Each structure stands twice: as structure tokens, then as C-alpha cells.
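Read the structure below first, then the notes.
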Amino acid sequence: MKNNYQIIPIRPEDTWDLRHRVMWPDQPIDYVKLEEDHHGQHFGLIQEDKLITVISVFIKDDQAQFRKFATEISLQGKGLGSILLQHAISRLEKEGIHRIWCNARADKTAFYEKFGFQRTLQTFVKGGIDYVIMEKTTVQISENRNFTIEDLLPLYQKNQWSSANMPDVLYNGLTHSDSLVTAWENDQLVGLGNAISDGYLVVYFPHLLVLPSHQCKGIGRKIMERMLEKYAGFHMQMLTAEVDAVSFYEKIGFEHAGKTVPMWKYEGKEH
């Protein structure tokens with residue numbers, strides 16, 4: 001494509017007309033206006049003095065969501081939206097944004113996958129349209145077990161788990177789990193979760209840890225989603241949650257186990 005376009009910052013009100021015509025033409029224009037519009041960053045691709053593609057970005061801490069991404073209908077499929085999206089991604093990555101996410105229409109997920117976005121298990125319906133939350137993150141999720149005790153110990157020590165005091169036993173226990181999912185930022189292990197299962201009926205999730213410096217960034221959820229995907233349909237999926245973590249697990253589908261009482265014989269001191 002010839003470089004006959006310009007990408008510029010624009011005002012939120014400059015996005016409304018194009019959003020309305022492309023995304024929700026059957027709704028009043030106020031439907032596309034967001035209360036937080038004036039707190040976001042808005043970019044437009046201009047071609048021949050006409051605004052033809054817009055995207056809005058909202059940043060919180062080191063995470064960013066882009067919303068209301070729209071391209072003039074007659075110019076879709078020509079790569080203009082891709083140019084603007086890549087511009088936004090590059091800008092955010094230079095600013096040190098850890099996670100970029102969006103609510104993608106379910107029939108458009110392949111488009112976002114070209115830019116490194118991955119589907120999550122979070123879906124919803126709005127205006128009769130199916131959506132899936134997709135994300136692009138600097139943290140990589142892996143099921144590879146090629147890590148060392150030295151990689152592992154800081155994660156347990158910084159979370160003050162007593163199992164860090166028996167590193168060989170901890171390492172062997174984790175690497176012999178039925179499932180083991182790890183999260184890496186470059187060469188640093190920043191999160192881990194494991195599962196013990198009979199392979200058919202029951203699965204128990206003993207460990208889920210994220211470095212304190214990386215908590216509240218969606219890493220634990222991503223680890224659990226990977227494991228829950230593997231054990232979908234199992235009759236019993238169990239875990240023992242710290243009181244402070246109960247709301248986290250409720251958000252991904254766990255609930256209190258009726259009138260049962262958790263019981264154990266435990267040698268650790270962190271609970």
C-alpha cells in the first residue's frame with residue numbers, strides 16, 4: 001500500500017460519527033459515546049483529508065484496553081485498520097504496557113490473532129453480538145517443564161510459602177504433576193499453577209502463585225484458564241483458596257463446596 005495516509009491524535013468527539021456509522025448504525029449516536037472517552041487516547045488514520053479509521057485506547061496502570069476500533073465500510077479489507085492497530089500496539093509497547101486487551105467480535109478473532117492476541121475464556125453478548133476478550137501480553141504461558149530449582153525458588157520465597165524450604169521435594173512434586181503451567185517474562189518465572197488428577201473424573205489444583213510484583217495483572221487468571229480448559233467437563237474440580245483469593249476464584253467459576261469442611265494434615269506455616 002502506498003504511504004498516502006497520516007496517523008494523528010484526535011479528539012474523542014471526532015470518533016463518534018465513524019463509530020456510529022460502522023459499528024451501531026441502528027442505534028442512536030449516543031450509544032457509541034463512552035463516559036470515559038475524555039480519559040482515553042484516540043487515534044485516527046487520515047487519507048486524502050478524510051478520517052477513515054479510528055481507535056481509542058484506555059490505560060490503567062500498565063494495562064491498556066482498546067475500544068471502538070472502526071474503519072469506513074467501503075475501505076475495509078485494504079489493510080488500513082491493520083496499520084492503525086499496529087501503530088497503537090507499538091506505541092503502547094514503547095510505553096512499557098504489560099497487557100493489551102480488547103472485546104473482539106467473535107467472528108473477528110482471526111484478525112487479532114495476526115497481531116499476537118490470544119483468546120481468553122471470557123465471553124459475553126452485547127446487542128445480540130457475541131464477543132470474546134482477547135489479549136496480548138509480554139508474559140508467555142507455557143506447559144514446558146524445562147526450568148530449574150533456581151528459577152523456581154524466588155517465586156515461592158517471595159510469596160512466603162514454606163515449601164521453599166524443601167526445594168528438591170518441591171521441584172519433584174511440581175514436575176511430576178498431571179499438569180503444570182508456568183508464566184514467563186523473558187527468562188524470569190513469574191507465575192505457576194499445577195494440577196493433580198486421576199485423568200478422568202477428579203482434578204485438584206494445589207498451587208497457584210504469581211510474583212508479588214506481577215500480581216493483579218491477569219497472570220493467575222491466564223494460568224487457571226489454561227488448566228481449566230484441559231479439565232473442562234470433569235465431574236469434580238477442587239482447590240483450597242486463601243480467604244483473600246476467594247473472589248478471584250469465584251470470577252472464574254468456582255463456588256463454596258456446599259456444607260463440606262476442608263480438612264488436612266499440613267506441615268507448612270503460611271496458612
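A few points about this structure:
- Using heavy atoms of the protein chains and a probe of 1.4 Å, the accessible area assigned to S163 is about 20 Å².
- Near L180: Cβ cut-off under 9 Å, other residues only, Lys/Arg at +1 and Asp/Glu at -1. The net charge is -1.
- Rounded to the nearest Hz, the phi-derived 3J(HN,Hα) couplings of the range 245-252 under the Karplus curve 6.51 cos²θ - 1.76 cosθ + 1.60 (θ = phi - 60°) are 9, 4, 5, 4, 5, 5, 5, 10, where x marks glycine and proline.
- Residues whose placed amide H lies under 5 Å from that of I10, excluding near-sequence neighbours: H42, F43, G44
- Trypsin sites (Lys or Arg not before Pro) restricted to DSSP loop in the range 132-183 with at most 16 other C-beta within 10 Å: R145
- Averaged per residue, the range 79-216 has 51 square angstrom of accessible surface, using a 1.4 angstrom probe with ligands and nucleic acids left out.
- For the range 103-119, 3J(HN,Hα) computed residue by residue from phi via the Karplus equation (6.51, -1.76, 1.60; θ = phi - 60°) reads 8, 9, 4, 4, 7, 10, 5, 4, 4, 6, 4, 5, 9, x, 7, 10, 5 Hz, glycine and proline entered as x.
- Of the solvent-accessible surface of the range 158-252, computed with a 1.4 Å probe and all protein chains present, 52% belongs to carbon and sulfur.
- Exposure here means at most 13 other Cβ atoms within 10 Å; with GluC sites (Glu not before Pro) in a DSSP loop as sites, the longest stretch of the chain lacking them is 144-241.
The values are calculated or read from the model by the stated rules, or taken from the named source; none is laboratory data. Owing to the predicted nature of the structure, the values given are computational and were not obtained by experimental measurement. Virtual Cβ from ideal backbone geometry, glycine too; neighbours counted across all protein chains shown. Quick note on the areas: whole protein, heavy atoms, side chains included, nothing else; ligands and nucleic acids left out. Shrake-Rupley method; radii C 1.70, N 1.55, O 1.52, S 1.80 Å.
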